[in-house]
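Only one structure is covered here, and it is reproduced in the block below.
What follows is calculated from the coordinates using simple rules that are stated; it is not laboratory data. Since we're looking at a predicted model, the values are computed, not measured. Here the Cβ positions follow ideal geometry from the backbone for every residue, glycine too, while neighbour counts run over all protein chains shown.
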Amino acid sequence: MFKNVSELVHLAETQNKQISEIMIEQEMEVTNRSRKEIIAQMDKNLTVMEEAVERGIRGVTSHSGLTGGDAVLLQNYIKKGSFLSGETILDAVSKAVATNEVNAAMGTICATPTAGSAGVVPGTLFAVRDKLQPTREQMVKFLFTSGAFGFVVANNASISGAAGGCQAEVGSAAGMAAAAIVEMAGGTPSQCAEAMAITLKNMLGLVCDPVAGLVEVPCVKRNAMGAANAMVAADMALAGITSRIPCDEVIDAMFKIGQQMPRSLRETAEGGLAATPTGRSLEAKIFGVPRVKRD
Amino acid sequence: MKYKSVFDIIGPVMIGPSSSHTAGAARIGRVARSLFGREPKWAKISLYESFAKTYRGHGTDVAIVGGLLDFDTDDKRIIKALEIAKEHNIQYEFIEESAVAEHPNTARIIIGDENGELELVGISIGGGKIEITELNGFHLKLSGHHPAILVVHNDRFGVIASVSNILGSHEINIGHMEVSRKEIGKMALMTIEVDQNINESIIEEISKLPNITQVARVVD
């Protein structure tokens with residue numbers, strides 16, 4: 001079993017395999033299941049993701065009314081053609097938003113690695129699909145590569161906002177996505193690790209401060225920017241840019257920052273955006289009274 | 001390593017909005033239901049820290065009750081779990097605890113009916129993955145991701161060997177095992193995670209062994 005990113009990259013490069021292949025082989029060994037079964041299960045997850053993206057792009061609204069409809073706005077904006085950044089990146093952003101809007105509406109999603117951060121991996125995947133024209137098999141592999149990097153983060157740091165803040169959720173998701181984009185675009189295993197490191201470095205310190213305790217504000221827009229971050233970092237890594245701090249050390253830094261983060265900024269809805277006047281008044285409106293004591 | 005499978009990371013497929021507060025919560029409820037072995041008539045659910053602060057927004061209450069009704073994380077009936085529980089005449093109560101817990105997402109569930117009760121503490125560690133840390137006052141570590149049996153027994157020599165002999169004779173492999181007791185020579189608990197599902201006849205066989213008080217099964 002690979003314990004960290006450096007072992008994962010070493011395994012892939014010495015055996016001349018992709019990261020996704022190392023992950024598939026490990027899964028076969030650990031769970032004692034056949035390649036066919038494992039691929040079939042991931043294929044099902046891919047279908048769930050695709051359905052969530054499509055549903056979100058058609059437009060949903062959450063029960064609280066706080067989120068929904070932004071994926072539609074962005075898709076319409078892209079169609080007008082007057083955008084400034086880039087079509088693929090905006091498409092990734094809108095599809096990440098779409099997934100999280102469905103999640104907020106208590107729809108069916110696949111956690112990647114969590115529900116609150118479920119938009120980034122499918123958002124980027126379905127956006128680069130249009131650009132790279134992958135086969136279904138390559139799309140499934142994208143999820144194994146994401147999973148391999150998420151596996152390292154989950155075991156060495158955290159993927160829980162309550163334990164490590166949003167950096168552990170959207171930060172991890174964005175790093176996972178960046179690495180998988182690099183593999184799909186033909187980059188090397190080391191470049192995957194560089195993309196993960198560059199992404200996560202730019203998510204360090206991100207707190208978990210959901211308004212009214214709901215996985216809506218700011219979660220949906222953090223997924224949007226997580227997707228954008230992943231796309232740019234993937235391009236940087238593919239251009240040959242490396243991270244001065246190795247990926248495993250970035251993951252370790254993320255873990256330590258999470259431990260130093262005060263409880264009020266770890267999914268308790270007591271600090272940050274949740275404690276702003278507007279955050280509190282939205283909370284009062286949704287629940288009738290402010291549930292959480294004011295600071 | 002806490003996470004062993006890629007599907008702990010890419011998965012579960014679930015009803016939103018939170019993997020730890022919704023999917024994990026549903027799994028904790030479902031393990032309690034499975035250990036109790038039947039639908040409870042009442043439930044007292046204490047929530048700690050992040051669970052206590054944000055449960056309404058995340059649907060943690062709905063999800064735990066959904067789990068007690070035996071719903072899986074992707075079962076759409078979770079959304080209506082509180083109403084369904086009322087239809088089934090299940091009395092439930094939520095208590096927001098202010099005490100500091102070992103883990104930020106902690107729930108203590110006490111369920112019961114006229115024939116007995118069960119108390120369990122579960123933590124939701126991220127991405128929908130859970131651990132059961134306490135059962136009827138015993139400390140333990142149960143992931144809920146593998147088939148497992150829990151054996152309450154008298155703390156005597158040879159009891160552990162006799163249980164593992166029965167599993168061995170049915171070609172069931174033990175993946176993880178833990179034994180805890182409250183006092184030397186008194187009540188003890190074996191937590192055994194196995195690779196295959198254990199059928200009812202094996203449970204009966206174990207129940208008949210000397211010094212065994214209770215056997216409960218957790219089906220994967």
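Observations
- Eigenvalues of the alpha-carbon gyration tensor of chain B, scaled by 5 and square-rooted, set the equivalent ellipsoid semi-axes at 29, 19, 17 angstrom, largest first.
- In terms of the mean number of neighbouring beta-carbon atoms within 10 Å, the peptides A:64-71, A:115-122 order highest first as A:115-122, A:64-71.
- All C-alpha to C-alpha distances of chain A, sorted into 5 Å bins beginning at zero, yield P(r) values of 1, 6, 13, 17, 18, 17, 13, 8, 4, 2, 1, 0 percent in whole numbers.
- For the stretch A:172-191 versus the stretch A:1-54, the spacing of their alpha-carbon centroids is 13 Å.
- Prolate/oblate/rounded call for the stretch A:171-266, Cα gyration tensor, a/c under 1.5 rounded: oblate
- A straight Cα-to-Cα reach below 16 Å connects B:Lys86 with the lysines B:Lys41, B:Lys44, residues fewer than 8 places away in its own chain not being considered.
- Note on the stretch B:113-220: Lys pairs 8 or more places apart or on different chains, Cα atoms under 21 Å apart, count 4.
- The A:Ser281 and B:Ser164 beta-carbon pair, evaluated with R₀ = 56 Å, returns a calculated FRET efficiency of approximately 0.40.
- Taking 17 Å as the straight-line reach from the Cα of A:Lys79, the lysines in range (excluding those fewer than 8 positions away in the same chain) are A:Lys95, A:Lys131.
- Summing Cβ point charges (Lys, Arg +1; Asp, Glu -1) relative to the Cα centre of the stretch A:123-250 gives a dipole of roughly 180 debye.
- Three-way shape label, the stretch B:70-152, alpha-carbon gyration tensor, a/c 1.5: rounded
- Base-10 log of normalised Debye intensity for the stretch B:10-110 (one unit scatterer per alpha-carbon) at q = 0.16, 0.18, 0.20 Å⁻¹: -0.59, -0.75, -0.93
- The stretch B:125-220 - charge dipole about Cα centre, Lys and Arg +1 at Cβ, Asp and Glu -1, debye rounded to 20: 320
- Förster-model FRET efficiency, 60 Å R0, B:Lys86 and A:Ala239, C-beta, rounded to 0.05: 0.55
- Beta-bridge orientation, the protein assembly as shown: approximately 85 percent antiparallel, per DSSP, counting only bridges with both partners inside.
- The stretch A:201-268 and the stretch B:124-195 have Cα centres lying 38 Å from one another.
- The stretch A:197-295 - charge dipole about Cα centre, Lys and Arg +1 at Cβ, Asp and Glu -1, debye rounded to 20: 360
- Selection among A:Gly226, A:Ala168, A:Ser64 by position relative to the dipole of chain A gives A:Ser64 as farthest towards the positive end (Cβ unit charges, Cα centre).
- With 5 Å bins beginning at zero, the pair-distance distribution over Cα atoms of the stretch A:29-90 amounts to 4, 14, 15, 15, 15, 11, 9, 8, 7, 2, 0 %.
- Relative intensity, log₁₀ I(q)/I(0), of the protein assembly as shown from a Debye sum that treats every alpha carbon as a point, q = 0.13 Å⁻¹: -1.22
- Inter-chain Cβ neighbour average for residues A:211-219, partner chain, 10 Å: 4
- Three-way shape call for the stretch B:1-63 based on the alpha-carbon gyration tensor, with the a/c threshold at 1.5: oblate
- Exposure proxy ranking, count of Cβ atoms within 10 Å, fewest first, for B:Lys186, B:Lys53: B:Lys186, B:Lys53
- Debye-sum result for the stretch A:1-65 in log10 I(q)/I(0), which assumes one identical scatterer on each alpha carbon, at q = 0.17, 0.18, 0.24 Å⁻¹: -0.73, -0.76, -0.99
- 0 to 90° range, to nearest 10: angle between helix A:19-31 axis and chain A longest Cα axis: 90
- Restricting the stretch B:78-109 to GluC sites (Glu not before Pro) in coil, as DSSP defines it, with at most 13 other Cβ within 10 Å: B:Glu102
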